[in-house]
Amino acid sequence: MRALTGIKPTAMPHIGNLLGMIEPALRLQDQHEAYYFIADYHALTTLHDRERMSQYTREVAATWLALGLDPRRTALFAQSDVPEVTELAWLLACVTGIGGLERAHAYKSAQADGRDINVATFLYPVLMAADILIYDSNLVPVGRDQKQHVEMARDMAAAFNSRFGEVFVLPEPLIRDDVATIPGLDGRKMSKSYANTIEVWLPQKALRKKLMGIVTDSKGVDDVKDPDTCNVFGLYKHFASPAQQAALAARYRAPGLGYGHAKQELFEVMDARFAPARERYDALMADGAEIEAVLLDGARRARTVASGVLTRARTAVGLGAAPRAPIL
Ligand code: ADP
Ligand code: TRP
């Protein structure tokens with residue numbers, strides 16, 4: 001089985017990305033062949049800033065590596081280092097109706113916000129389908145918000161196969177219920193678009209300050225509180241051991257615990273969890289050479305698979321297996 005996923009370099013990864021997608025994906029490295037990429041072509045639909053693009057690309061790569069991606073087993077690469085994927089997106093666009101794309105969440109929400117929508121945003125799910133199909137992926141670990149996109153990829157694969165023969169593997173989204181939608185500082189889904197994120201690699205002081213800003217109700221120290229509806233506890237449970245969770249939940253249900261104390265507990269478990277990886281992250285960011293070497297090796301491996309699948313697709317539709325003229 002082959003696992004594949006992508007994340008856009010549009011910001012430093014946040015805790016929602018980490019718990020909802022990155023950690024579940026990392027767990028798959030042990031049993032599956034894995035291809036994980038930085039979706040820079042997708043980022044270009046909204047990010048038009050060369051410096052930030054390259055900075056975020058390094059940050060996302062360093063995040064994967066610091067958290068335990070093993071580049072000897074798993075290919076880590078930049079989407080744009082495998083340009084074959086844009087060619088496949090064209091072939092898929094030719095079997096995709098406009099109606100389905102109009103129902104895509106990302107497009108609908110851009111429309112609802114009255115944003116000026118570029119053509120690439122409309123085609124976003126087609127490129128994403130190409131990303132998935134070009135590696136013969138079976139499993140796609142994502143957060144719940146990406147489920148529809150993965151299902152669209154599956155539909156495009158089926159439409160293509162029924163017209164041209166069995167070219168593509170049908171992929172499945174892999175969504176873990178307990179982390180499918182991680183709440184942000186205000187309790188809504190943590191997302192860059194809501195400005196409610198907690199970045200993974202904040203320095204200690206900044207992390208503490210962010211956590212102190214989590215929205216709670218106005219109960220005082222001596223009021224009993226409900227851990228199950230509290231945003232602070234909602235995050236705490238992802239970082240604390242079962243014993244720690246039970247202990248803090250008991251303190252919520254008795255007088256004497258203020259939300260400030262709960263936030264301090266959250267800070268401590270998060271800081272303990274990230275301190276060692278943060279050192280590794282800082283070292284990777286300080287010397288870009290290791291990141292570059294990993295991305296180069298990952299791109300080579302990814303491109304080998306991608307060009308084989310693209311050849312299959314080109315042949316199936318009646319184009320040459322490869323362009324007639326090689327690049328000189
Ligand atoms: P954002 O929504 O902040 O723009 P991305 O779209 O870059 O984040 O998401 C990258 C990956 O992280 C996707 O697989 C997405 O489903 C997952 N993800 C993002 N936010 C959350 C969240 N709050 N809870 C769970 N998974 C999330
Ligand atoms: N659209 C995904 C997101 O916003 C990123 C992405 C691009 C992706 N191509 C992919 C995820 C292929 C999984 C598989 O998070």
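The values are calculated or read from the model by the stated rules, or taken from the named source; none is laboratory data. Since the model is a prediction, treat every value here as computed from it, not as a measurement. Ideal geometry is used to build each Cβ from the backbone, glycine not excepted, and the neighbour counts take in all protein chains shown. Note: accessible area is taken over every heavy atom of the protein model, side chains too, but ligands, DNA and RNA are not part of it. Shrake-Rupley method; radii C 1.70, N 1.55, O 1.52, S 1.80 Å.
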When you have a sec, figure out the Kirkwood radius of the chain from all distinct Cα pair distances and drop it here in Å to one decimal? 21.3 Å
Any chance you could get the radius of gyration and Dmax over the Cα atoms of segment 201-283, in Å? 13.4, 45
Per the helix-only calculation at 222 nm, which mean residue ellipticity applies to the chain, given -39500 (n - 2.57) for every DSSP H run of n ≥ 4 and division by its residues, nearest 500 deg cm²/dmol? -16000 deg cm²/dmol
Accessible-area order for LEU133, LEU127, largest to smallest, probe 1.4 angstrom, reads LEU127, LEU133
Once the Cβ-Cβ distance between GLN244 and GLN29 is put in as r, and R0 is 25 Å, what FRET efficiency do you end up with, to the nearest 0.05? 0.35
Show me 159-172, 141-154 ranked by packing, highest mean number of other Cβ atoms within 10 Å first. 141-154, 159-172
For the chain: relative contact order, % (alpha-carbon pairs under 8 angstrom, 6 or more apart): 22 percent
Could you report the chain's accessible area per residue, 1.4 Å probe, as an integer in Å²? 48 Å²
Percent accessible area from carbon and sulfur atoms, the chain, protein chains only, probe 1.4 Å: 53 percent
Using the basic label-point model (7 angstrom from Cα toward the beta carbon), what is the ALA293 to ARG176 distance in nanometres? 3.0 nm
